[in-house]
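Read through the structure below, which is laid out as structure tokens, and then see the notes.
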Amino acid sequence: MQVSVENTSALERKMTIGVPAERIENEVNKRLQQTAKRAKVSGFRPGKVPMSIIRQRYEADARQDVLGDMIQSTFYEAVVAEKLNPVGQPAIEPQVFEKDKGLEYIATFEVFPEFEVQGLDSIEIERQTAEVAESDIDNMLEILRKQNTRFTAVERAAALDDQVTISFVGSIDGEVFAGGTADNVPLVLGSGRMIPGFEDALLGCTAGETKVITPTFPEDYQNLDLAGKTAEFSVIINAVEGPELPELNEEFFAMFGNTEGGLEGFRAEVSKNMQRELKQAIKGKVKSQVMDGLLANNQIEVPSALISSEIDRLRVQAVQQFGGNVKPDQLPAELFTEQAKRRVALGLIVAQMVKQFEIKADDQLVRSTIEEMAAAYQEPEQVIEWYYKNEQQLEDVRAVVLEEQVVDTVLGKAKVTDVTVSYEEAVKPAAAPEIAEEEAEETSAE
């Protein structure tokens, strides 16, 4: 077999492979002999059909099958011999496939970039440290009370923070649109749940009133069919209810699974959850800085095939997240290109870190990670057992731990500065480098 490789770009390779006629014919003959053993031809017993008839009837198909199989097997042999690491499937262009001349074809493909991760000692990390103060716990208790606000009917006009129960029909240019109609929907005014202008227009309304409002969908609205358009909603206010915060009592504590210890026990449980959230928030911000530093110091070529695959995944995620009458392939690729490049590049860099520094997922860290996740459930031992009985879930945890060990490896070499901040500052999300994804709402008007 003859192989020649041409570098057509930093990552693209054009490989010409020639397979001698003798190898082709040997394989064709082998296929025909196998066929002869089971071929059923009128007038002949099984296994006794003359080879001339077998060739006449089956050689063309056998030769075609050999072509496909030979390309697949010789391509694999060639990349191994040339020590190439291809990305995805190659584009195959047959040049010669004749009985006396053998097989020659060109395989065009991309390879994974070869590089060493560098610049770890020049990465600068600001690592926040914080404590959960009693005042932070007080604030969290108020947040929990507000999240469990009860609403009771009032005989007055709707005000901010009131809950109104509404039915509405939305239309654009006189046509009712999908997702623009709902009945008896509870809505807290000021929650920001609906599109801009919708909730404000209901302030001052009373139960039984009907009001027509004309808000405009944002230009970047998730449903592209509605983005930037002004709609008309006919809204019926069925009820107006005012908010009442629950008391910090045994009934309230039981809503969160706390049936013992009273207020002191509940505060202790809330503090424990806040500590967990604080740890994860700090870890997340550090990880983000580490990844930014790795990217900045390792500007690698990224295979276009991997970018395309990642764009496809992001398209599917976007449709699943936001809905709308659109198919994934209808979303413009440029919306996701930069995010896809970042994800692919980071994946390659992290994989190289694992290889370069011989990092392996620590079993004890895997165990402690699962225990930490399980601690948020009422039956943590059952959760732990479930993870260890599900290999795929366990492998997902190992991947998380492996990435954390990559981060720790970078921190061991980077310039790290510890900064003391408040709990509130520490848990506040950092500006994300990737496109933020908003939660999908129940109707298209939300």
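The values are calculated or read from the model by the stated rules, or taken from the named source; none is laboratory data. Keep in mind that this is a model prediction, so the values were computed, not measured. Cβ coordinates were reconstructed from backbone atoms using ideal geometry, including for glycine residues, and neighbour counts include every protein chain displayed.
Failed condition for Gln95, given (1) part of a strand (DSSP E or B); (2) over 30 Å from Leu306 (Cα atoms); (3) of a type in the set (S, T, N, Q), with all others met?
With (1) part of a strand (DSSP E or B); (2) over 30 Å from Leu306 (Cα atoms); (3) of a type in the set (S, T, N, Q) applied to Gln95, the lone miss is (2).
Give the residues of segment 62-82 that are part of a helix (DSSP H, G or I) and farther than 15 Å from Ile24 by Cα, sorted by residue number.
Of everything in segment 62-82, those that are part of a helix (DSSP H, G or I) and farther than 15 Å from Ile24 by Cα turn out to be Tyr76, Glu77, Ala78, Val79, Val80, Ala81.
Looking at the structure I just gave you, is Ile54 crowded, with 16+ Cβ neighbours inside 10 Å, touching a helix residue (DSSP H, G or I) at 6+ places or on another chain (Cβ under 6 Å), in a strand (DSSP E or B) and in the same structural domain as Ala91 (by TED's automatic domain parsing)?
no
Which one of these is more than 48 Å from the chain's Cα centre (by Cα) and on the phi < 0 side of the Ramachandran plot: Lys14, Lys48?
After ruling out the rest, the residue left standing is Lys48.
Count, please, the residues in segment 156-178 that happen to be among the charged types (D, E, K, R), touching a strand residue (DSSP E or B) at 6+ places or on another chain (Cβ under 8 Å) and exposed (fewer than 15 other Cβ atoms within 10 Å of the Cβ).
Result for segment 156-178: 2.
Might you check whether a residue that is of a type in the set (Asp, Glu), assigned to a strand (DSSP E or B) and surrounded by fewer than 18 Cβ atoms within 10 Å (Cβ to Cβ) occurs anywhere in segment 106-114?
No: zero hits.
Given the conditions (1) more than 30 Å from Ile143 (Cα to Cα); (2) at pLDDT 95 or above; (3) surrounded by fewer than 18 Cβ atoms within 10 Å (Cβ to Cβ), and given that Leu224 satisfies all but one, which numbered condition is not satisfied?
If we test Leu224 against (1) more than 30 Å from Ile143 (Cα to Cα); (2) at pLDDT 95 or above; (3) surrounded by fewer than 18 Cβ atoms within 10 Å (Cβ to Cβ), just (2) comes out false.
Which one of these does Asp121 not meet: (1) of a type outside the set (Val, Ile, Thr); (2) over 30 Å from Lys415 (Cα atoms); (3) in a helix (DSSP H, G or I)?
Condition (2) is where Asp121 drops out.
How about segment 358-373: which of its residues are surrounded by fewer than 15 Cβ atoms within 10 Å (Cβ to Cβ), over 30 Å from Asn273 (Cβ atoms) and in contact (Cβ under 8 Å) with a residue 24 or more places away in the chain?
Lys360
Going by the structure shown, is Thr149 surrounded by 14 or more Cβ atoms within 10 Å (Cβ to Cβ) and in contact with a strand residue (DSSP E or B) (Cβ under 6 Å, 6 or more places away or on another chain)?
Criteria met by Thr149.
Please give the number of the condition Val87 fails out of (1) under 51 Å from the mean Cα position of the chain (by Cα); (2) surrounded by fewer than 18 Cβ atoms within 10 Å (Cβ to Cβ).
Going through (1) under 51 Å from the mean Cα position of the chain (by Cα); (2) surrounded by fewer than 18 Cβ atoms within 10 Å (Cβ to Cβ) one by one, Val87 breaks only (2).
Quick one: Asn325 ticks every box in (1) buried (at least 17 other Cβ atoms within 10 Å of the Cβ); (2) at pLDDT below 95; (3) touching a strand residue (DSSP E or B) at 6+ places or on another chain (Cβ under 8 Å) bar one, so which box is it?
For Asn325, the failing item is (1).
Exactly one condition in (1) modelled with pLDDT of 85 or more; (2) within 46 Å of the chain's Cα centre (by Cα); (3) crowded, with 17+ Cβ neighbours inside 10 Å; (4) not in a loop (DSSP other than H, G, I, E, B) is false for Leu32; which is it?
(2)
Select from segment 169-202 the residues that are assigned to a helix (DSSP H, G or I) and without any contact (Cβ under 8 Å) to a residue 12 or more places away in the chain and list them in ascending order.
Asp200
Got a number for residues in segment 289-313 being among the small types (Gly, Ala, Ser), closer than 14 Å to Ala414 by Cα and surrounded by fewer than 19 Cβ atoms within 10 Å (Cβ to Cβ)?
1
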